[in-house]
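**Student:** Handing you a structure now.
The values are calculated or read from the model by the stated rules, or taken from the named source; none is laboratory data. All values reported here derive from a predicted model rather than from experimental measurement. Reconstructed Cβ throughout: ideal geometry from the backbone, glycine too, with neighbour counts over all protein chains shown.
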Amino acid sequence: MMKELRFRQVHLDFHTSPYLPAIGEKFDRKQWQERLTMAHVNSITCFSSCHHGLSYHPTQVGQMHPNLKFNLLREQIDASHEIGVNVPVYLTGGVNDAAAIAHPEWREISSKGEYQGWVASPLQPGFKKLCFNTPYLDYLCRMIEEAVTMFPDGDGIFIDIIHQGQCCCPRCLEGMLKDGYDPEQEEDRKAFARKVLLNYYRRTTEAARIHNPDMPIFHNSGHITEGDREILPYFSHLELESLPTGGWGYDHYPMSAAYCRNLGLDFLGMTGKFHTTWGEFGGFKHPNALRYECAAMLAQGSKCSIGDQLHPSAELDESTCELIGAAYQEVEAKEPWCGNVTSAANVGLLSNIAFSPASASGKQSETGASRFLLENHVFFDILDQAVPFDRYDVLVLADGIRIDAELKKKLDAFLARGGKLILSGESGMWADKEEFAFDLGVEYSGVNELYPDFVKGAPEFAPDFVKTPFVMYRPSQRIKVKSGVSLGDVYDPYFNRTFRHYSSHQHTPYRTEASGYDAGVLTDNILYFAHPVFLLYAAYGTVALKHYAAKAMMKLIGDELPIHTNLPSQGRATLMHQANENRYILHLLYANTILRGSAVEMSGGNVRNASQVEVIEELNPLYGVTAAVEIPGEVKKVTLEPQGIELPVVKEDGRFQIRLDRLEGHQMVVFQQ
């Protein structure tokens, strides 16, 4: 039986050059313990080996750091365990500079004959990628076996940078030919790389569990690929890397969690204490940012992990521990209402990656749909083919999910029991023909050849501040509504912009008369947008489009949603069920994110070039926040937690009504049954 993850983890990077002196010289057991306690940490990932290929303990397999004089990992584990802190053990996987230098024949080589790694040239500083189809895999497995043998009391294994590219090293070329693959075909190279990767998962997991069959293990690829359940038997849990300031942004983690909630594995979110991302010494985000990020993880049903990087002296940074402690002190108080929870979402967003992997805009469309739902406070799960539809009342198919026979059968059953669909663009069309798979009550005439075209919303769907046509940046599907409610009229441009004829700086203005085609249709159980509205929202964030689409969506599903709230668009609302405690937990969050910084060329490899960074500094309070929540069954008590403040139980129109005089950052509202 696998152990449940702890709520308050630190991922303590320690990638330390062999040219750095006096490694670990300031490690002090008492100070280590005091600072972990200051940070309210109860699990900390420490290093067996790093990307430089160096070990932080004596080793018969690898290379101990030349400037380390003692068993640092042993000291870290013992000091942590004395105060009840778990220590998962980290090993580098896909990159290893020491191994790459000693054995260049183990390196991954692209189809263009280039060594792979984090940089394009050997004259640039950066780690080197290894091929898992070479004896490097044997070496890595021996490293893992040595670590679990030397540290049987370690609380898990974390292996990093797990990816196998289309390698064309001699061993991969030989392997492809032997197994009947054509190295000159990209699809064959991908298929062989997948085979190599699955062998990696099998062998490294076996190595980690040579003594303990229940040893927790996680293989980090920086993301969890939607629909790829084949690899999950090799994982005990998931750690979802999502550093908002490191390029992921604040909407990335809710998407990752929305998918992983349905995988049956305990999981945690991973942010960072850095102003930017990994490898940054002396970078700090504001404590309010970490407070919000950790609260957002709890609201999505996960545990928390904060990334840090240990100084080569092995002294935990005091300011960092205070920073982390500001967030983890709050997490510790909230834990009783956040463990063993399940999502109470009744809206499912079908994964474009899982259902339509060949779609060119799949990930962007899914991102746009997620942002749209988050900003409209629609709590949702992301679904792959293995998730039944029967627990959902609404399914969203964003832009490019074509329908095959199997999906049609499942969706027909879903509709037959009263479910509702939201479709856009090509979603809802047959996979093998240009026809809709469902009766939308429309006449279909192909794709509009004139673009960008424009939408004038019907009066009940038009944005309150736009009564004239607004631009849609991608072509629409040509439909004429025969039954159902039209979402509005499509207006065509006078002509497409070419060198022969163009107008103004961008696109051609719209004609003064409507085209005769409709922008979408609303039936009793299906809402269809003729444009790829979610891709457009991901790309442009058009406010007029958001208001138009939201009005149509709420017309179809507003009564179905379990949460109605007056939070602004930057607010977030989720509803979790804690079955063992017989209660539901409403999470309300608000923070104003700000884009700071700009793209500036920096100092030649010493730091990363600058880019825009989304930051949180202030947690500005909101006043008069309301929510009307649909909870199945009766409710005996409503409380604000962890404050323990009891609210009156008020039920109107089948929903429990709550009001917060003041919301700062995060508030849990508990409905005890």
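**Student:** State all residues of the stretch 356-402 that are hydrophobic (A, V, I, L, M, F, W, C), surrounded by 23 or more Cβ atoms within 10 Å (Cβ to Cβ) and not in a helix (DSSP H, G or I); if no residue qualifies, say none.
**Tutor:** Within the stretch 356-402, Val378, Phe379, Phe380, Ile382, Leu383, Val394, Val396, Leu397, Ala398, Ile401 qualify.
**Student:** Taking Met143 as the residue in question, decide whether it is touching a Phe, Trp or Tyr at 6+ places or on another chain (Cβ under 6 Å) and part of a helix (DSSP H, G or I). Show your work before the answer.
**Tutor:** Numbers: touching a Phe, Trp or Tyr at 6+ places or on another chain (Cβ under 6 Å): no; part of a helix (DSSP H, G or I): yes.
So Met143 fails the test.
**Student:** Those residues that are over 14 Å from Thr92 (Cα atoms) and buried (at least 19 other Cβ atoms within 10 Å of the Cβ), I need them from the stretch 119-145; list them, please.
**Tutor:** Asn133, Thr134 - these are the residues of the stretch 119-145 that are over 14 Å from Thr92 (Cα atoms) and buried (at least 19 other Cβ atoms within 10 Å of the Cβ).
**Student:** So is Glu434 more than 32 Å from the chain's Cα centre (by Cα), assigned to a loop (DSSP other than H, G, I, E, B) and exposed (fewer than 14 other Cβ atoms within 10 Å of the Cβ) or not? Before you say what the answer is, go through the steps one by one.
**Tutor:** On the way: more than 32 Å from the chain's Cα centre (by Cα): yes; assigned to a loop (DSSP other than H, G, I, E, B): yes; exposed (fewer than 14 other Cβ atoms within 10 Å of the Cβ): yes.
Yes; evaluated as a whole, the condition is true for this residue.
**Student:** Within the stretch 458-469, identify whether any single residue is modelled with pLDDT of 95 or more and not in a loop (DSSP other than H, G, I, E, B), and answer yes or no. Steps first, please.
**Tutor:** Filtering the stretch 458-469 for residues modelled with pLDDT of 95 or more gives 458-466, 468-469.
If we keep only those that are not in a loop (DSSP other than H, G, I, E, B) too, we end up with none.
No, that holds for no residue.
**Student:** Is it the case that Glu646 is closer than 23 Å to Tyr253 by Cα and of a type in the set (D, E, K, R)?
**Tutor:** On the way: closer than 23 Å to Tyr253 by Cα: no; of a type in the set (D, E, K, R): yes.
Criteria not met by Glu646.
**Student:** Here's another thing I want to ask about it. What pairs come out if I take residues in the stretch 554-573 that are within 16 Å of Gly654 (Cβ to Cβ) and pair them with residues that are loosely packed, with under 15 Cβ neighbours inside 10 Å and of a type in the set (Phe, Trp, Tyr) whose C-beta lies under 9 Å away, six or more apart or interchain?
**Tutor:** Note: no pairs meet the criteria.
**Student:** How about the stretch 107-138: which of its residues are within 20 Å of Ser221 (Cβ to Cβ) and assigned to a helix (DSSP H, G or I)?
**Tutor:** We begin by selecting, within the stretch 107-138, every residue within 20 Å of Ser221 (Cβ to Cβ); these are 107-108, 110, 116-119, 126-134, 136-137.
Listed by number, the residues that qualify are Tyr136, Leu137.
**Student:** Being in the same structural domain as Thr542 (by TED's automatic domain parsing) and more than 16 Å from Asp489 (Cα to Cα): is that true of Asp453 here?
**Tutor:** Answer is no for this residue.
**Student:** Another question about this same structure. Being over 29 Å from the mean Cα position of the chain (by Cα) and either on the phi > 0 side of the Ramachandran plot or exposed (fewer than 15 other Cβ atoms within 10 Å of the Cβ) (or both) is the filter here; which residues of the stretch 168-209 pass it?
**Tutor:** Result: Pro170, Glu174, Leu177, Lys178, Asp179, Gly180, Asp182, Glu184, Gln185.
**Student:** Related question: For the stretch 649-673, enumerate the residues that are of a type in the set (S, T, N, Q) and under 15 Å from Thr565 (Cβ atoms). Full working, then the answer.
**Tutor:** Just the residues of the stretch 649-673 that are of a type in the set (S, T, N, Q), to begin with: 657, 667, 672-673.
Hits for the stretch 649-673 are Gln657, Gln667.
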